[in-house]
There are 2 protein chains.
Amino acid sequence: MSTAAPHSPGQDRLWSVDEHLEDVLTAIRPLEPIELHLLDAQGCVLVEDVTVPVSLPPFDNSSMDGYAVRVADVAGASEEFPAALEVVGDVAAGQPGLLQVGPGQAARIMTGAPLPPGAEAVVPVEWTDGGLGEGPVDGMRARSLAPEGATGHVRVHRPAEARAHVRAQGSDVRAGDRALEAGTVLGPPQIALLAAIGRGTVRVRPRPRVVVLSTGSELVQPGEQLADGQIYDSNSFALTAAARDAGAIAYRVGAVVDDADTLRSTVDDQLVRADLMVTTGGVSVGAYDVVKEALAHVGDEDEPGSGVEFRKLAMQPGKPQGFGTLGPDHIPLLALPGNPVSSYVSFELFVRPAIRTLMGLTDVHRPTTRATLTADRPLTSPRGRRQFLRGSYADGAVRPVGGAGSHLVAALAHADALIVVPEDVESVEPGAEVEVVLLG
Amino acid sequence: MSTAAPHSPGQDRLWSVDEHLEDVLTAIRPLEPIELHLLDAQGCVLVEDVTVPVSLPPFDNSSMDGYAVRVADVAGASEEFPAALEVVGDVAAGQPGLLQVGPGQAARIMTGAPLPPGAEAVVPVEWTDGGLGEGPVDGMRARSLAPEGATGHVRVHRPAEARAHVRAQGSDVRAGDRALEAGTVLGPPQIALLAAIGRGTVRVRPRPRVVVLSTGSELVQPGEQLADGQIYDSNSFALTAAARDAGAIAYRVGAVVDDADTLRSTVDDQLVRADLMVTTGGVSVGAYDVVKEALAHVGDEDEPGSGVEFRKLAMQPGKPQGFGTLGPDHIPLLALPGNPVSSYVSFELFVRPAIRTLMGLTDVHRPTTRATLTADRPLTSPRGRRQFLRGSYADGAVRPVGGAGSHLVAALAHADALIVVPEDVESVEPGAEVEVVLLG
């Protein structure tokens, strides 16, 4: 019988941040697409090329409130010598018109209404007497005040070129055009276009459902009373919020006590609603590291690729990490360390890209930039570890916030960037250039 | 009896974009704060200064899995000459400890567990034989494999300074410290801190509820069949999505026909769930401009400040606009023009800042930048109007996308910026510097 702590192959060496990230992203596949109503698809990635089924606008229509006229009838018109036209009626948007505009005639027309047959241009109402015979008007009378519609004659004070104030059928997009390409992220303007061409639903990758649970018998729900040796659970709140920020539908399970059976059954129970599971705590070398204990050996021999592997990464904070898949559907699980800063940094580095990969996004990482270090003294970092320090970034400069301790959650709340100190650097002088991850 | 179209005072002149925006933002007050659960407060603005009630950590605790020892007992220890200590038991996180570490003794301790009385430092388990008497170990055996806990003796291979691997009580934040200031926007790290100090709820300004309705008898729901003269309703979808993007809880009512009574009763009906109402269409000079007809005269003489004013703005697109308040609670309403591009640009310029003002944010506007115009020919713009053209921005350069027409929704879907052409500029040459609003 072995007397050492349980071993998994990954425990025998330090893994780099990049190796671990690559393993995670290689194992995670974008979710299967589903057909969603437009507003449910907001923020999602389109998986189909969308073709325009009907030209926009679908018909020639007026871009102004005015009169639809024949060009010859208003040639040379002026305020002094207006063209007087017989008004044959109203053409309103959405009312299928039966009107025809013949020589010497005009139809009163509203913005968006179809140009009636015979008409060649629209003159804005402000270029006419509005049918009142008393000089230029600045608008039409509301229908409720004049329900009979337009009759009589209108005097037009200016000529119009052919097609003036007419939006041509197909001038926006034509039937058969590519409206949007597969891979497009659907924001408000893309939703506008899809609605405009009549798409009520679209095929997209759904938002991933992320289940977040923290572990630790010392954890108490915020708002309750602390007993000796207890602390408040903050990780499950922070990571649920962060998962939502990344685009997921996040479920916070809360804190599970350090008991392997309880954890295993909680995880089993939650799998049904998870596209990704995230745990915090219990992944290190302690005797009560329950996540490791509960999940290190759940791999089913009949299910290749299943199981969770625990590793040590060459990073600070966030050295102990677990990753694998669970259950018959191979739901990915990321087991993060339990210190608040470690878990948050690990989320940013590994979970956020995983969520965005599930969404089908190609750009899964936070933006990075180079910045000048502003600090009173050099930053120090252990050799062989990639260190992520909390920082505050502005205008090309970054300033450390708080210390390196992985329990310093107050500093985290005042940071908006991570300062990256590479593995081979042990000290960074003030004024030096550093890589910065912008947390947005 | 007046024969002209109905007048309101604002119709008599052109208003500048800035004047209109100032009027809107002056009339809109941040919403009254409410107490919300942490995760419901995500993205909201804190209205209280939050003070730390209990220091973090609340007690001295171990930052490693290892052994809690007295410094003198491990002085000079090495692998060759280890310090052999009597193990008095386990100290796990969340288990109130009754252990005391006396001279020559050690307690096995887990990360986060309270430092037991008598102990002065923690040595990581990797610096010991783990009690197995066979050289350095790389971790502890899981409790399930060794449920009796730690007993016997442990050999320690390295000395430890006082307080080594101990996180001091209050080293993160101290009771009485200011944790977060009023005005802070609550993202994941701020939620982490609030949870960590035990706050289950916080006082914030809630997300505004925004009701979006479009008007037009020509509008058909996407997915249905178009008849002659009809088009699809896109505005209510686009603006609902945009309101959500701005931080609101948005309700899409959909399209209302051009009938003043129907519109008035729909608006009345929806007021109960609105902190802000947004309509599109029906605000121009046509006879069927139902929003104007229905809402221009709803101001109650007994309710100073109530009522909606319709104006012409010196901008393109987006000339006709309405703004005012409705009902006994003076719910603000923005009446936007109906062309898809006009309504979207108007949303960006006026509604988004209004939503963010309701949220209590101080930074309510989209970021702007200067960019070099990349174009095949000069941009033209009508004198006296501030023009907003759709553009694509990258690396300090902006390129127009599509034309100036306010119906060009396809181009909008491929833009990520608005190019601003000031009122006094009629032409912008390629290579010139322009102001750009970044929509991303």
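The values are calculated or read from the model by the stated rules, or taken from the named source; none is laboratory data. This is a predicted model, so every value here is computed, not measured. We place every Cβ from the backbone using ideal geometry, glycine too, and count neighbours over all the protein chains shown. Side chains included, ligands, DNA and RNA excluded: accessible areas come from the protein's heavy atoms. Shrake-Rupley method; radii C 1.70, N 1.55, O 1.52, S 1.80 Å.
Each Lys and Arg Cβ is given +1 and each Asp and Glu Cβ -1; about its Cα centre, chain B then shows a dipole of about 420 debye. Straight-line reach from B:Lys292: taking Cα to Cα under 23 Å and skipping same-chain neighbours fewer than 8 places apart, the lysines in range are B:Lys312, B:Lys319. Shown here for the range B:176-246: GluC sites (Glu not before Pro) in loop regions (DSSP other than H, G, I, E, B) with at most 16 other Cβ atoms within 10 Å, namely B:Glu181, B:Glu224.
Beta bridges assigned by DSSP with both partners in the range B:59-168 are antiparallel in approximately 80 percent of cases. Here the dipole of the range A:368-438 is about 200 debye; that uses its Cα centre as origin and unit charges on the Cβ of Lys and Arg (positive) and Asp and Glu (negative).
Considering only A:Leu145, A:Leu389, A:Leu379, the mean-square fluctuation computed in a Gaussian network model of chain A, springs between alpha carbons under 10 angstrom, is largest for A:Leu145. For chain B, the longest principal axis of the C-alpha atoms and the axis of helix B:17-27 are separated by about 60°.
Annotation: the antiparallel percentage among DSSP beta bridges lying fully within the protein assembly as shown is about 65.
Inter-label distance, A:Glu224 to B:Arg273: 3.5 nm, where each label sits 7 Å from its Cα along the C-beta direction.
Taking Cα atoms only, the orientation of helix B:235-246 departs from the longest principal axis of chain B by about 30 degrees. Buried accessible surface for the B/A pair, both sides summed and rounded to the nearest 100, is 7800 Å² with a 1.4 Å probe. When the Cα centres of the range A:99-120 and the range B:22-69 are compared, how far apart do they sit, in Å? Comparing the Cα centres of the range A:99-120 and the range B:22-69, I get a distance of 62 Å. If R0 is taken as 25 Å, the Cβ-Cβ distance between B:Ala394 and A:Ser392 corresponds to a FRET efficiency of 0.40. To put it simply, the accessible area of chain A at a 1.4 Å probe is 48 percent carbon and sulfur. Please work out the C-alpha center-to-center distance from the range B:220-283 to the range B:183-198 and express it in whole Å. That distance is 36 Å. For A:Thr128, nonlocal amide neighbours, meaning residues 5 or more places apart or on other chains whose placed amide H falls under 5 Å from its own, are A:Val137, A:His157.
The mean number of Cβ atoms from other chains found within 10 Å of a Cβ in peptide A:180-189 is 5, as a whole number.
Report the Cα centroid-to-centroid distance between the range A:334-408 and the range B:345-397 in angstrom, as an integer. The two parts, judged by their Cα centres, are 32 Å apart.
Placing unit charges on each Cβ (+1 for Lys and Arg, -1 for Asp and Glu) gives the protein assembly as shown a dipole about its Cα centre, and among B:Gly104, B:Ser214, A:Leu379 the Cα reaching farthest toward its positive end belongs to A:Leu379.
For chain B, the longest principal axis of the C-alpha atoms and the axis of helix B:260-270 are separated by about 10°.
With contacts taken as Cα pairs under 8 Å and at least 6 residues apart, the range B:368-438 reaches a relative contact order of 47 percent. Apply the a/c threshold of 1.5 to the C-alpha gyration tensor of the range B:110-155 and tell me whether it is rounded, prolate or oblate. Here the range B:110-155 falls in the oblate category. Overall, the range B:59-168 carries a charge dipole of about 280 debye about its Cα centre when +1 sits on the Cβ of Lys and Arg and -1 on the Cβ of Asp and Glu, all other atoms neutral. The overall shape of chain B is prolate: from the C-alpha gyration tensor, with semi-axes ordered a ≥ b ≥ c, the ratio a/c is 1.5 or greater and a/b exceeds b/c.
A simple spin-label model places pseudo-atoms 7 Å from Cα toward Cβ; at B:Arg203 and B:Leu25 they are separated by 2.6 nm. Oblate is the label for the range A:74-162, because a/c, from the alpha-carbon gyration tensor with a ≥ b ≥ c as root eigenvalues, is 1.5 or above and a/b does not exceed b/c. In a fully extended conformation the segment linking A:Glu134 and A:Glu426 would gain 96.5 nm over its present Cα-Cα distance, using 0.36 nm per residue. Peptides A:414-427, B:323-336 ranked from most to least packed give B:323-336, A:414-427, packing being the mean of other C-beta atoms within 10 angstrom over each peptide's residues. Working from Cα pairs under 8 Å separated by at least six residues, relative contact order for chain B is 15 percent.
Annotation for the range A:383-440: trypsin sites (Lys or Arg not before Pro) lying in DSSP loop with at most 11 further Cβ atoms inside 10 Å of their Cβ are A:Arg383.
The distance between label points at A:Arg377 and B:Asp245 comes to 4.7 nm (points 7 Å beyond Cα on the Cα→Cβ vector). When B:Val257 is represented by a point 7 angstrom out along its Cα-to-C-beta vector, the spacings to that point in the other copies are 6.5 nm, nearest first. Of all DSSP bridge pairs formed entirely within chain B, close to 65 percent run antiparallel. Placing a label point 7 Å from the Cα of B:Glu161 along the Cα-to-Cβ direction, the residues of the range B:87-130 whose backbone N falls under 20 Å of that point are B:115, B:119-128.
Between B:Ala72 and A:Glu435, the FRET efficiency from the beta-carbon distance, with R0 = 51 Å, is close to 0.70.
Other residues within the sphere of radius under 13 Å centred on the Cβ of A:Val202, judged by their own Cβ, net out at -2 (K and R +1, D and E -1).
Distances between placed amide hydrogens fall under 5 Å for A:Leu56 paired with A:Gly170, A:Asp172, A:Val173, A:Arg174, A:Ala175, all partners being 5 or more residues away or on another chain.
Between A:Ala142, B:Pro147, A:Leu132, the Cα set farthest toward the positive side of the dipole of the protein assembly as shown (charges on each charged residue's Cβ, about the Cα centre) is that of A:Leu132. Counting charges near B:Asn61 (Lys, Arg +1; Asp, Glu -1) among other residues having Cβ under 13 Å from its Cβ returns a value of -3.
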